[in-house]
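Below are the structure tokens for one structure; questions will follow.
Just so it is clear, none of the values below were taken in a lab; they were calculated from the coordinates. Values in this document were obtained by computation on a predicted structure and should not be read as measured data. All Cβ positions, glycine included, derive from the backbone under ideal geometry; neighbour counts span all protein chains shown.
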Amino acid sequence: MDLKLVLTSPVSEAEANQFMAEKTPCYFPISAYYRRLFGEKVYKVSVSIAESCPNRQPNGKLLPCVFCDEWGSAAYHLERDRDLVEQIQINRDKIARRYRSKKFLVYFQSYTNTFDRVERLSERFDIALAQEGICGLVVGTRPDCLPARVMPLLRETHERSYVMVELGVQSFFDPHLLFLQRGHDAQRSLTAVERLHQEAGVDIGVHLIFGLPGETDAQIVETAEIINSLPVSNVKLHNLHVLKNTPLETLYQRGEFKPLELDEYSRRVVLFLQHLSPEVAVQRLAAVASRWDELVAPEWTREKLRPSNMIEQRLHNSGFCQGDRLAIAS
Ligand code: SF4
């Protein structure tokens, strides 16, 4: 991805690289990517506005994704019942106090945000961008929920501000997608990335899940290679974990699914990072169970810092860093 297309700040690439080197020599964190784009630290402010997705339609043909709880990655009702402006203000002010930041991206996180009328989506974008300190939008959605009519809206909004679409790709292997009950195949994800790039021109992030049954090291390496070949600026990594009242919980209770131990998960993430281009930013190294009462397994997903610390430590101790296996291969 050509970062100059969206570079809006006076910070030079050399300065951004120095910042990256000082902060995290082992991989390219999203904080450094944002700093490169905006010239200062920028944080995401999550909002829960969308209320459903194609997999959760009454009388629909699809099942909910195997890992998805009733909230669809949304906040609890207390927060979800507030209007968009209130959600932005409350969450923005909390983050501003904590990190002393002045710029924010509104993150439409829950369910499938493009599964709605374009007019309504457009209104929400305008409201979000009008709030103090908001410098752009991040829109979470599925690869199979990008109707042609939504592309002009994404393009127009990205031209006057900044838009990143975060795609729930999860895996590039059809057997894994079947297990996850995603309701789409890998080709759909590849097409979605291409269309977002060509038709909307937005920044693109991809969510990936590791720890799927039968997952091999070769698949992890291939996943990194696929990402490297796509116009994707960043990835967000999750470990497949079990939440209450999900189809995955049933499989887990029957002994048909076993989540990864932290040591093995961190080994797989390090392998992935070694094959990932150093130009692709990393949003997150592991999932954190934000609703502790809903977590069934593994226990380590409760801990916010231990998984990422272990991965960073592993990189550091072995002298590995993002993309170092790329250099060997070429
Ligand atoms: S993960 Fe997303 S697409 Fe899947 S059921 Fe949950 S809200 Fe729907």
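Quick one: order R97, R92, R291 by neighbouring beta-carbon count within 10 Å, fewest to most.
R97, R291, R92
Considering amide H positions built from the backbone, and no H for Pro or chain starts, which residues 5 or more places from Q322, or on another chain, come under 5 Å of its amide H?
Y27
Here's a follow-up. So, by mean Cβ neighbours within 10 angstrom, what's the order for 52-59, 228-235 with the highest one leading? Please list the in-between numbers first.
On the way: 52-59: 14.6, 228-235: 18.8.
Highest to lowest by the protection proxy: 228-235, 52-59.
Which pairs break 21 Å Cα to Cα here: K236/K304; K44/K94; K44/K244?
Violating the 21 Å limit, Cα to Cα: K44/K244.
With an 8 Å Cα cut-off and a minimum separation of 6 or more residues, compute the relative contact order for the chain in percent.
Values: 570 pairs, mean separation 55.5, N = 330.
Reported as a whole number, the value is 17 percent.
Using a cut-off of 13 Å between alpha-carbon atoms, which aspartates and glutamates can reach K103, once sequence neighbours fewer than 8 places away in the same chain are excluded?
Qualifying aspartates and glutamates at Cα under 13 Å: E40, D93, E132.
So which aspartates and glutamates pass the test for K258, namely a Cα distance under 13 Å, with those fewer than 8 places away in the same chain ruled out?
E215, E249, E299
Once amide H atoms are placed 1.01 Å from N in the peptide plane, what residues at a sequence separation of 5 or more from S46, or on another chain, have their amide H within under 5 Å of its amide H?
Under 5 Å from the amide H of S46: Y107.
Please report the orientation-averaged projected area of the chain, defined via the convex hull of its C-alpha atoms, in nm².
Its Cα hull, projected and averaged over all orientations, spans 16.4 nm².
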